[in-house]
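The values are calculated or read from the model by the stated rules, or taken from the named source; none is laboratory data. Since the structure is predicted, the reported quantities are computational estimates derived from the model, not experimental observations. Neighbour counts are summed over all protein chains in view; Cβ atoms, including those assigned to glycine, are modelled from backbone coordinates with ideal geometry. SASA here: full protein model, heavy atoms, side chains in, ligands and nucleic acids out. Shrake-Rupley method; radii C 1.70, N 1.55, O 1.52, S 1.80 Å.
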Amino acid sequence: MGATNHTLQALLPWLLLFVHQAAAASGGFECTTATDGADKQGATKLKLVAIASILTAGAAGVLVPVLGRSMAALRPDGDIFFAVKAFAAGVILATGMVHILPAAFDGLTSPCIYKGGGDRNGFPFAGLVAMSAAMATMVIDSLAAGYYRRSHFSKARPLDNIDIPGDEEGRADHPHVHAHGHSHGDAIVVSSPEEAAIADTIRHRVVSQVLELGILVHSVIIGVSLGASVRPSTIKPLVGALSFHQFFEGIGLGGCIVQANFKVRATIIMATFFSLTAPVGIVLGIAISSSYNVHSSTAFIIEGVFNSASAGILIYMSLVDLLATDFNNPKLQTNTKLQLMTYLALFLGAGMMSMLAIWA
């Protein structure tokens with residue numbers, strides 16, 4: 001819970017910096033006026049519809065796996081949940097590879113940046129930022145998991161401090177069982193199934209928080225961009241596309257939250273932040289629409305850098321923390337039917353999310 005608050009608190013200054021810089025972007029070089037088809041009154045009505053639609057879709061998506069865990073078929077240790085996680089990982093991977101990373105390259109190679117001089121076909125800064133963000137995510141992932149493991153096992157906290165999947169009955173029968181990890185230098189040796197379950201839960205908690213960080217950054221960017229638009233013809237196709245976009249991303253994040261076994265309060269906070277971020281971004285975009293110029297060099301650079309970082313985080317998380325972990329699970333590797341179902345779910349999630357790139 002405390003880590004969740006620290007993550008969100010660390011994110012807010014960066015989001016505010018993006019909004020501040022975006023508002024000041026009109027001072028940069030104006031590439032085009034982009035006033036054709038402008039209708040502020042009509043655009044405002046569509047933005048209000050977008051806020052309601054995206055808020056509902058995002059909340060529904062994240063709540064599907066959260067509320068579904070009460071069903072036996074959707075329990076984290078069930079076969080169907082493997083397929084749900086694969087579908088969600090495919091959605092997140094396609095979000096990073098098909099939606100965000102190409103937009104980052106377009107932004108950082110825009111003629112609006114290089115019209116005053118320079119080679120727009122020069123160094124691929126978007127790839128560099130995405131790679132750096134992926135490596136930084138790996139470092140944070142490793143350090144955070146190591147810190148939590150050492151902290152937990154060194155204090156030998158009771159098992160009921162962390163929810164262990166599939167162990168509700170066992171914990172009720174043994175309320176005073178303690179997890180004793182054995183530390184040899186900096187290494188933590190997990191010597192019992194209970195300790196292994198705790199270590200796995202810690203990893204899932206770190207994964208879910210870092211994943212939400214990447215999704216929130218992306219959600220703010222698309223929200224501000226939509227909110228700052230004054231052309232109904234641009235906004236109309238985005239309303240439906242971004243609603244489906246948030247719904248699928250919500251399923252992915254919700255699946256990670258379920259596996260992390262957060263307490264109710266932490267689950268509500270994470271779900272609420274995800275659901276509200278894109279609508280809040282739209283509101284911020286509306287507020288700065290009079291001064292925000294989406295075609296200024298500063299706006300292209302800021303959005304390109306943030307998109308690149310977000311893409312790197314999501315690509316790393318989907319491949320390493322979600323897909324690699326589950327696809328190397330002995331339960332999956334020894335069950336051909338489950339393998340086929342999981343592969344199909346992965347391709348379906350990635351394919352459906354990729355198709356949305358036609359509209360958004």
Screening 301, 313, 286 for residues that are touching a residue at least 24 places away in the same chain (Cβ under 8 Å), among the β-branched types (Val, Ile, Thr) and open to solvent by less than 40 Å² (accessible area, probe 1.4 Å) leaves only 313
Taking the criterion of being over 28 Å from residue 45 (Cα atoms) and either part of a helix (DSSP H, G or I) or modelled with pLDDT of 85 or more (or both), would at least one residue in the range 286-297 satisfy it? yes
Scanning the range 198-216 residue by residue, the ones that are closer than 17 Å to residue 272 by Cβ and either open to solvent by less than 10 Å² (accessible area, probe 1.4 Å) or not polar (S, T, N, Q) (or both) total 6
Query raised in the report: Do we find that residue 249 is open to solvent by less than 20 Å² (accessible area, probe 1.4 Å) and not hydrophobic (A, V, I, L, M, F, W, C) in this structure?
Result: yes
Scanning the range 246-299 residue by residue, those over 23 Å from residue 318 (Cα atoms) and of a type in the set (Phe, Trp, Tyr) turn out to be 292
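Yes/no per residue for (1) aromatic (Phe, Trp, Tyr); (2) open to solvent by 20 Å² or more (accessible area, probe 1.4 Å); (3) part of a helix (DSSP H, G or I):
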{"position": "332", "(1), (2), (3)": "no, no, yes"}
{"position": "343", "(1), (2), (3)": "yes, yes, yes"}
{"position": "346", "(1), (2), (3)": "no, yes, yes"}
{"position": "351", "(1), (2), (3)": "no, yes, yes"}
